[in-house]
Amino acid sequence: YLDKNGSWKKLADTASLSYTHNKLVSGKTYKYKVRCLDKNGKFVSGTGNEKSNVFFLPPEITSVSKTDKGTLLCWSAVKGAAGYCVYRKELGGEWKEIARVACLNEYTDTSASKTQVYSYSLRCTDENGNFISDYLKDTRYYADSKPANGEYKIGKETYRFNNGFFRSGLQTIE
């Protein structure tokens, strides 16, 4: 159930131990209650305590550029976030946390290799460093601080990119 202006609205029935509420607005507080039903759809639990959650959209990187010190990442602030956790993924690798940044909307990746292809993502954190958002998983890849274009070989694998995004499947070139 979802609290809509002081009135509880049923969101769904589910046999699962979880439910995903889609189309949330970043920074808005949502109040929920969960009730148990028997196999006939009758309530077998009280209304219980309500649980409040605030949903935050993951921040999007707005620019990536090359500086004397490394790869500069910039993003727009997310209202309500006290800081950000910066993630990097090498082509063919897994996401790894590389930094935590408080109150800034930029970070310079000083350990990025000019010969490697990377993707970056961010998560919002609260004042205590706890995550309050997820991170975007389908992000652009960058080679030497520019969107990856063309073919890149990593080991035995060849990857194709167009403006930082994977290219695959049948393509017509005119």
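The values are calculated or read from the model by the stated rules, or taken from the named source; none is laboratory data. Values in this document were obtained by computation on a predicted structure and should not be read as measured data. Every residue, glycine among them, receives a Cβ derived from its backbone with ideal geometry; neighbour counts consider all protein chains shown. In case anyone asks, the SASA skips ligands and DNA or RNA and just uses the protein heavy atoms, side chains included. Shrake-Rupley method; radii C 1.70, N 1.55, O 1.52, S 1.80 Å.
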* **Protection proxy ranking, peptides 68-74, 92-98, average beta carbon neighbours within 10 Å, highest first** => 68-74, 92-98
* Asked: So what does the Cα-only Debye profile of segment 92-174 read at q = 0.16 Å⁻¹, as log10 I(q)/I(0), no solvent term?
  -> -0.74
* To do: Pull up the cross-link candidates among the aspartates and glutamates for residue 4, meaning alpha carbon to alpha carbon under 14 Å and not fewer than 8 places away within one chain.
  => 50
* To do: Would you pull out the residues with amide H under 5 Å of residue 98's amide H, same chain only if 5 or more places away, H placed 1.01 Å from N?
  => 86, 87, 88
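Whenever you get a sec, compute what percent of the accessible area on the chain sits on carbon and sulfur atoms (1.4 Å probe).
Working: 5700 of 11980 Å².
In the chain, the share of accessible area belonging to carbon and sulfur is 48 percent.
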* Excluding residues fewer than 8 places away in the same chain, name every one of the lysines whose C-alpha is closer than 26 Å to that of residue 156. => 89, 96, 114, 137, 146
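Can you give me the accessible area per residue for the chain, using a 1.4 Å probe, in Å²? Display every interim value, and only then the final one.
Details: 11980 Å² over 174 residues.
Counting only protein heavy atoms, the per-residue value for the chain is 69 Å².
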* To do: Tabulate in residue order the Karplus-calculated ³J(HN,Hα) for segment 17-34, using 6.51 cos²θ - 1.76 cosθ + 1.60 with θ = phi - 60°, rounded to whole Hz; enter x for Gly and Pro.
  => 8, 9, 8, 9, 9, 8, 6, 8, 9, 4, x, 8, 8, 10, 10, 10, 9, 10
* Asked: Hey, got the Cα dimensions of the chain along the principal axes, in Å, largest first?
  -> 61, 42, 29
* Structure fact -> Which residues qualify? For residue 37, with a placed amide H closer than 5 Å and at least 5 residues away or on another chain, they are 44
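Ratio to report: Rg/Rh of segment 49-146, with Cα atoms as the point set and Rh obtained by the Kirkwood method; give two decimals. Walk me through the numbers on the way to the answer.
Numbers: Rg = 14.0 Å, Rh = 13.9 Å.
When Rh is taken as the Kirkwood radius, the ratio is 1.01.
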